[in-house]
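Following: one structure in structure tokens, then a few remarks.
What follows is calculated from the coordinates using simple rules that are stated; it is not laboratory data. Bear in mind that the values here come from a model prediction, so they are computed numbers and not experimental data. Counting neighbours? That spans all protein chains shown, and the Cβs are built from the backbone with ideal geometry, glycine included.
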Amino acid sequence: MTERIVTDAEIATAFDGTNFGHTRHRELLQASVLKRLVGYHCGHTITEIMRRMGLIGKTNKPTKRGIAMVREAYSDIMKVSG
């Protein structure tokens, strides 16, 4: 397996002390960065996590790292969608 854009250790550290009702934090990050990419709002806590991780910038738009994470997450869908 190739190296991920965001490691599991980074995610564990970023979500330490939070309670989103589940532990699918990678999926939550992927969907949240995608939401910001297309202009949707995200809650305060996930927004701060994305900002601290360098996935979005000060204007809440995804950074190159955030876009790379979205590409990594949804690459299989893009390959078969035409």
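Below are the figures for this structure:
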read-out: Within region 24-80, tally of residues that are outside any helix (DSSP H, G or I), surrounded by 11 or more Cβ atoms within 10 Å (Cβ to Cβ) and out of contact with any Asp or Glu (no Cβ under 9 Å at 6 or more places or on another chain); value: 10
read-out: Where a residue in region 26-42 is closer than 12 Å to Met53 by Cβ and its partner, wherever it lies, is surrounded by fewer than 19 Cβ atoms within 10 Å (Cβ to Cβ) and aliphatic (A, V, I, L, M), with Cβ under 8 Å and at least six apart; value: Arg26/Ile11; Leu29/Ile11; Val33/Ile67
read-out: Tally of residues being assigned to a helix (DSSP H, G or I) and in contact (Cβ under 8 Å) with a residue 24 or more places away in the chain across region 12-23; value: 2
